[in-house]
Amino acid sequence: MKITECRIKVRDLVAGYSRDEESGEVVAYGDCKSEDSKARLNIRPKYQREFVYKDKQRNAVIETIFKGFPLNTMYWVRNTESNAEYEYEVLDGQQRTISICEYYKGDFSLKEQYFHTLPEDRKETFLNYGLMIYVCEGEESEKLEWFRVINIAGERLTEQELRNAIYASVWLSDAKRRFSKTNSLAEQKGGKYLNGSSIRQEFLESALAWIVGKREDKAICEYMAKSAKDCKNADELWGYFCAVIDWVEMKFPTYRKEMKGIEWGLLYNEYKDKPLDKEELEKRVADLMADDEVQKKSGIYAYVLSGEEKHLNLRAFEKGIIRAVYEAQGGICPHCKETFAIEEMEADHIKPWSKGGKSVKENCQMLCRECNRRKSDK
């Protein structure tokens, strides 16, 4: 890869700046001497993420410029294709570039002063600031690999943002339109069931993990690669996501905050064809929500579907109870009648939780690990 170092003034960068959230296009770097000049820099190419800087980070960029301190190096790629729409695209530095341009356009103020209200000398200080840019030229694979390397530091990309860089396509653009915008279709349809942020690609990642059946990078990448090659839209993924949310709302119509962040797609894949009575499910969920033995309330939904107690994180016996019962038994396991150190034994419910047993002293016995394992396997 060929890399050229250059200095570009802020006044040249902000010339021709425009940002269209509907299409996702963000461009700048026109001729600062002509208002009609065509922008030459694509700030948000297909592999880039949405704008994620918080106000504090955004303001720090502008303060750095006014103080004349060095701003971290930014990287552009020169497009060598004859039919390229833009001469350059941002490889690294999108967040800083948009912060600079939006301050210039008057989209936010710094210390209650907008750019257009500044004294002329302060405006010139801002516009004459020199940005350090490395302009790179190389093959697509080289650009994307460099993109991964230079994003190890700073505002780190999520795994899905990195995948998006590799599988840029018409299919991905359609998927991002539905899953990756603020107040996106996915957010409106099922945002209350999802953890994370749509603009950090976490909604899209969940939908992909669900449709492939696991949160595994290789499986998600294989699905994205095939879709990027064969599909012109993300209808399959969107239809699947809608089916998952519809199933959840049909089987569990009473929404609780514990339903947010559950791997609903994985539960849907396994139980969507099983006969489930929503009223019976609701009664069981309500009873378990009121059970103070259940420590992980969000696990109730997987439990009522699977019957596996591991989802509930049932309350363990307190250390004082364990010590008291161990001393009362004299360290003897009541099943095998052998004597053990307390570290070699485990607290066990005499009456199982599933039959109403509680984690109290009267319902506790100390078993050796082997006997407890045999008992649990029955």
Quiz item: In the range 18-58, what residues are at pLDDT 85 or above, under 14 Å from Gln95 (Cα atoms) and surrounded by fewer than 19 Cβ atoms within 10 Å (Cβ to Cβ)?
Solution: Arg19, Lys54, Asp55, Lys56, Gln57
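Across the range 166-180, what is the number of residues that are in a loop (DSSP other than H, G, I, E, B) and of a type in the set (Phe, Trp, Tyr)?
Quick first cut of the range 166-180, residues in a loop (DSSP other than H, G, I, E, B) only: 167-169, 180.
Add one more test, that the residue is of a type in the set (Phe, Trp, Tyr), and what stays is 167.
Number satisfying all stated conditions: 1.
Take Tyr103 and tell me if it is without any contact (Cβ under 8 Å) to a residue 60 or more places away in the chain, crowded, with 22+ Cβ neighbours inside 10 Å and hydroxyl-bearing (Ser, Thr, Tyr). Even if it seems obvious, please write down each step before you answer.
Working: without any contact (Cβ under 8 Å) to a residue 60 or more places away in the chain: yes; crowded, with 22+ Cβ neighbours inside 10 Å: yes; hydroxyl-bearing (Ser, Thr, Tyr): yes.
Here the answer is yes, as Tyr103 does meet what is asked.
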Quiz item: Give me the pairs: first residue in the range 333-358 and over 17 Å from Gly320 (Cα atoms), second residue β-branched (Val, Ile, Thr) and modelled with pLDDT of 95 or more, beta-carbon distance under 9 Å, and six or more apart or on different chains, which are they?
Solution: Cys333/Thr339; Glu338/Ile332; Thr339/Ile332; Phe340/Ile332
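So, of the residues in the range 72-91 that are in contact with a Phe, Trp or Tyr (Cβ under 8 Å, 6 or more places away or on another chain) and aliphatic (A, V, I, L, M), which turns out to be nearest to Glu124 (Cα to Cα)? If you could, list the steps in order and put the result at the bottom.
Of the residues in the range 72-91, the ones in contact with a Phe, Trp or Tyr (Cβ under 8 Å, 6 or more places away or on another chain) are 73-79, 88-91.
From what's left, aliphatic (A, V, I, L, M): 74, 77, 90-91.
Numbers: Met74: 22, Val77: 28, Val90: 25, Leu91: 27 Å.
Filtering the range 72-91 for residues that are in contact with a Phe, Trp or Tyr (Cβ under 8 Å, 6 or more places away or on another chain) and aliphatic (A, V, I, L, M), the one nearest to Glu124 (Cα to Cα) comes out as Met74.
For residues in the range 57-112 being among the aliphatic types (A, V, I, L, M) and part of a loop (DSSP other than H, G, I, E, B), which is farthest from Ser18 (Cα to Cα)?
Residues of the range 57-112 that are among the aliphatic types (A, V, I, L, M), as a first pass: 60-62, 65, 71, 74, 77, 84, 90-91, 98, 100, 110.
Next cut, part of a loop (DSSP other than H, G, I, E, B) only: 71, 84.
Values: Leu71: 22, Ala84: 19 Å.
Filtering first and then ranking leaves Leu71.
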Practice problem: Within the range 192-213, work out how many residues are surrounded by fewer than 16 Cβ atoms within 10 Å (Cβ to Cβ) and modelled with pLDDT of 95 or more. | Solution: 2
Quiz item: Right, Glu159: modelled with pLDDT of 70 or more, surrounded by fewer than 21 Cβ atoms within 10 Å (Cβ to Cβ) and farther than 22 Å from Trp264 by Cα or not?
Solution: no
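Give Glu258, Glu270 a once-over and let me know the one that is among the charged types (D, E, K, R), under 26 Å from Lys358 (Cα atoms) and out of contact with any strand residue (DSSP E or B) (no Cβ under 8 Å at 6 or more places or on another chain). Spell out the reasoning first.
Numbers: Glu270 fails: under 26 Å from Lys358 (Cα atoms).
On inspection, the qualifying residue turns out to be Glu258.
Okay, residues lined up against (1) modelled with pLDDT of 80 or more; (2) of a type in the set (A, V, I, L, M, F, W, C); (3) over 19 Å from Asp55 (Cβ atoms); (4) outside the structural domain of Glu202 (by TED's automatic domain parsing):
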site: Asp92; (1), (2), (3), (4): yes, no, yes, yes
site: Gln95; (1), (2), (3), (4): yes, no, no, yes
site: Lys105; (1), (2), (3), (4): yes, no, no, yes
site: Lys123; (1), (2), (3), (4): yes, no, yes, yes
site: Asn128; (1), (2), (3), (4): yes, no, yes, yes
site: Gly138; (1), (2), (3), (4): no, no, yes, yes
site: Ile150; (1), (2), (3), (4): no, yes, yes, yes
Exercise. Could you tell me which numbered condition Gly299 fails, if it satisfies all but one of (1) within 41 Å of the chain's Cα centre (by Cα); (2) surrounded by 14 or more Cβ atoms within 10 Å (Cβ to Cβ); (3) outside any helix (DSSP H, G or I)?
Key: (3)
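The values are calculated or read from the model by the stated rules, or taken from the named source; none is laboratory data. Just so we're clear, the structure is a prediction, and the values are computed from it rather than from any experiment. A quick note on method: Cβ atoms are made from the backbone with ideal geometry, for glycine too, and the neighbour counts reach across all protein chains shown.
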